[in-house]
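A.B. asks: Quick one: structure below, then a few questions.
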Amino acid sequence: MFELKPLVHASKREHYDELVRQARGLLAGERNLIANAANFAAVVFHSLPELNWAGFYLFDGNELVVGPFQGKPACIRIALGRGVCGTAAQTRETQLVRNVNAFDGHIACDAASQAEIVVPLILPDGRLLGVWDVDSPVIDRFDEDDRAGMQALCAVFMEALRG
Ligand code: SME
């Protein structure tokens, strides 16, 4: 049984380092996409402060479709290029949005969301798997340490799928 240990660290970077270790342990030995995505969303959502949504949008070959997540029910389909998620998917670059009100085209699934990070998930052969999306109800909740931390976590997720 996986035990979610409380993360109490001096710095945000150390906190992410420990969370990366926990995520690696949680996903080790399992390659099922939905199982890993569900557990990954749960461990991140319950290990970081001030999040109101954390989850996946998976690419179905045409658009992004909501996948495993923690938080309130969300928009189901997002076209490439639309919103923060669609922008991350199309540009294949992590989107760090400190204030969603200043992001042209932001899709407000939950009116509480004020800040967001979306990381594109690219398979080894270059195909788009989807995106990883975290929302916060606090403006300026996310900074460059969060961008690096989320990218490190997503690397663990993608690594686990390869087995
Ligand atoms: N805000 C996102 C939509 C997804 S929800 O945040 C869960 C966007 O603009 O793409």
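A.B. asks: Quick check: anything in the stretch 18-39 in a strand (DSSP E or B), at negative phi and either surrounded by 18 or more Cβ atoms within 10 Å (Cβ to Cβ) or modelled with pLDDT of 95 or more (or both)?
C.D. replies: First, the residues of the stretch 18-39 that are in a strand (DSSP E or B): none.
Checked against the condition, which is being in a strand (DSSP E or B), at negative phi and either surrounded by 18 or more Cβ atoms within 10 Å (Cβ to Cβ) or modelled with pLDDT of 95 or more (or both), the stretch 18-39 yields no hits at all.
A.B. asks: For the stretch 73-89, enumerate the residues that are more than 10 Å from the ligand (Cβ to nearest atom) and either of a type in the set (Ser, Thr, Tyr) or surrounded by 16 or more Cβ atoms within 10 Å (Cβ to Cβ) (or both).
C.D. replies: Leu80
A.B. asks: Go through the stretch 107-122 and report how many residues are part of a strand (DSSP E or B) and either away from the ligand (no atom under 11 Å from the Cβ) or within 16 Å of Gln70 (Cβ to Cβ) (or both).
C.D. replies: Applying the first criterion (part of a strand (DSSP E or B)) to the stretch 107-122 yields 115-122.
Checking which are either away from the ligand (no atom under 11 Å from the Cβ) or within 16 Å of Gln70 (Cβ to Cβ) (or both) leaves us with 116-122.
Counting residues in the stretch 107-122 that are part of a strand (DSSP E or B) and either away from the ligand (no atom under 11 Å from the Cβ) or within 16 Å of Gln70 (Cβ to Cβ) (or both) gives 7.
A.B. asks: Just checking, which of Gln70, Gln95 is closer than 19 Å to Ile34 by Cβ, of a type in the set (S, T, N, Q), within 12 Å of the ligand (Cβ to nearest atom) and under 12 Å from the mean Cα position of the chain (by Cα)? Quick ask: steps written out before the conclusion?
C.D. replies: On the way: Gln95 fails: closer than 19 Å to Ile34 by Cβ.
The unique qualifying residue is Gln70.
A.B. asks: Only one of these is buried (at least 22 other Cβ atoms within 10 Å of the Cβ) and among the charged types (D, E, K, R): Asp104, Asp133, Asp145. Name it.
C.D. replies: On the way: Asp104 fails: buried (at least 22 other Cβ atoms within 10 Å of the Cβ); Asp145 fails: buried (at least 22 other Cβ atoms within 10 Å of the Cβ).
Asp133 is the lone residue from the list that is buried (at least 22 other Cβ atoms within 10 Å of the Cβ) and among the charged types (D, E, K, R).
A.B. asks: Sticking with this one: Quick check on this structure: which one of Asp135, Asp104, Asp145, Asp125 is within 10 Å of the ligand (Cβ to nearest atom), among the acidic types (Asp, Glu) and either part of a loop (DSSP other than H, G, I, E, B) or touching a residue at least 12 places away in the same chain (Cβ under 8 Å) (or both)? Don't jump to the end; show me each part of the working.
C.D. replies: Details: Asp104 fails: within 10 Å of the ligand (Cβ to nearest atom); Asp145 fails: within 10 Å of the ligand (Cβ to nearest atom); Asp125 fails: within 10 Å of the ligand (Cβ to nearest atom).
So the residue among Asp135, Asp104, Asp145, Asp125 that is within 10 Å of the ligand (Cβ to nearest atom), among the acidic types (Asp, Glu) and either part of a loop (DSSP other than H, G, I, E, B) or touching a residue at least 12 places away in the same chain (Cβ under 8 Å) (or both) is Asp135.
The values are calculated or read from the model by the stated rules, or taken from the named source; none is laboratory data. Predicted model, so just to flag it, every value in this text is computed and none were measured. Glycine gets a Cβ as well: all are built from the backbone with ideal geometry, and neighbour counts include every protein chain shown.
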